[in-house]
1. Can you work out which of the residues in segment 226-250 that are over 15 Å from Phe266 (Cβ atoms) and without any contact (Cβ under 8 Å) to a residue 24 or more places away in the chain is least open to solvent (accessible area, probe 1.4 Å)?
2. Mind listing whichever residues of segment 190-212 are over 25 Å from Leu180 (Cα atoms) and touching a residue at least 60 places away in the same chain (Cβ under 8 Å)?
3. Within segment 75-85, count every residue that is assigned to a loop (DSSP other than H, G, I, E, B) and exposed (fewer than 13 other Cβ atoms within 10 Å of the Cβ).
4. Taking segment 251-272, which residues are more than 17 Å from the chain's Cα centre (by Cα) and either within 29 Å of Lys181 (Cβ to Cβ) or open to solvent by less than 60 Å² (accessible area, probe 1.4 Å) (or both)?
5. When both residues are 6+ apart or on different chains and their Cβ atoms are under 8 Å apart, which pairs have a first residue that lies in segment 34-57 and is farther than 25 Å from Phe83 by Cα, and a second that is of a type in the set (Phe, Trp, Tyr) and open to solvent by 10 Å² or more (accessible area, probe 1.4 Å)?
6. Does Glu167 count as open to solvent by less than 30 Å² (accessible area, probe 1.4 Å), of a type in the set (Asp, Glu) and either farther than 25 Å from Gly97 by Cα or at pLDDT 95 or above (or both)?
Amino acid sequence: MIRNILFPVVAISFLLLGCKSSKKATLAEDNIKEYLTYLASDELEGRKTGTQGIEKAAVYIEDVFKKSKLKPYYQTYRDSFSFIGKTGYNLIAFQEGTDRKLKDEIIILGAHYDHIGRIREAIGSDDIANGANDNASGTAAVLALADYFAKQPTKRSLMFVLFSAEEEGLLGAKHLAQRLKNEKANIYFVLNYEMIGVPLPHNVYAAYLTGYEKSTMAKEFNMGKEKPLFGFFEKEKSFQLFYRSDNFPFYEALNIPSQTLCTFDFSNYQYYHHVNDELDQLDIKHIQNLVQATIKQLTRIGNASERLIKLH
């Protein structure tokens, strides 16, 4: 995520206020740990687009979709595109809505599953940038969402998208946004999960939302909460982060609310594009709590009789 920004940062641990514990919540946390363990493993060699490592990640994600009994949106789960002589694959699963009319409106829940692969100069004997926070954390969140909503569908349809080639310049998102535009797909809004592996070092809000002022998304996701789920982060605006993640191509091509939630604030994680961006650096309980909080609001918004999220 947040391409071409390298900052020395200090890891800070903060415990996110959790939701009520339940068997379902515990299972979600276990699933997230399972997804992260594989996606951030050395076996995938940093998941660089066009490599054998990301192909293994793609097969794994397809298997998760199949186990959740979600259908592909296209003929297969793979939405293919080419760049500089290579082939990339967005992975797309679909849950049709339960309402005869509202199911024509599609909510996209996305994250990029690629990373930068091996680095040129090893640190010690390690040259694999595993990308646990960037962005196995967001990928695991979307897989958990897919599993949950496969069992608890909303009135509107849900599309679960894992983007490739984000690190190459948002190429997978650009491809899919243009394809959906050409197909005249009725996309309601996009919520993109990016670098959510550690909590923010304050108790003001759970995650910041890029393009905070561009739509009513933050207002709707914060509805009924004592502590805001999504907040405004000043550096997000000054660094133009809204334009640096996979949400932007959909905003640009489709003119719809399309934003990214993130908990990386340049002070709470020191391993951006680093070989130490490993599973043991992440707070899995925090990820589970954040995913659970978005599930509650996605359910309300996905079932509402009218569109609650609108552009300003």
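1. It comes out as Tyr243.
2. The answer is Met195, Ile196, Gly197, Val198, Pro199, Leu200, Pro201, His202, Asn203, Ala206, Ala207.
3. Our first condition is that a residue be assigned to a loop (DSSP other than H, G, I, E, B); within segment 75-85, this holds for 75-77, 84-85.
Restricting the remaining residues to those that are exposed (fewer than 13 other Cβ atoms within 10 Å of the Cβ) gives 75-76, 84-85.
Adding up the residues that qualify gives 4.
4. Glu252, Ala253, Leu254, Asn255, Ile256, Phe266, Ser267, Asn268, Tyr269, Tyr271
5. What qualifies is Tyr38/Tyr60.
6. yes
The values are calculated or read from the model by the stated rules, or taken from the named source; none is laboratory data. No experiment lies behind these values; they were computed from the predicted model shown. Neighbour counts run over all protein chains shown; Cβ positions are idealised from the backbone, glycine included. To get the accessible areas, we keep the full protein, side chains included, count just its heavy atoms, and leave off ligands, DNA and RNA. Shrake-Rupley method; radii C 1.70, N 1.55, O 1.52, S 1.80 Å.
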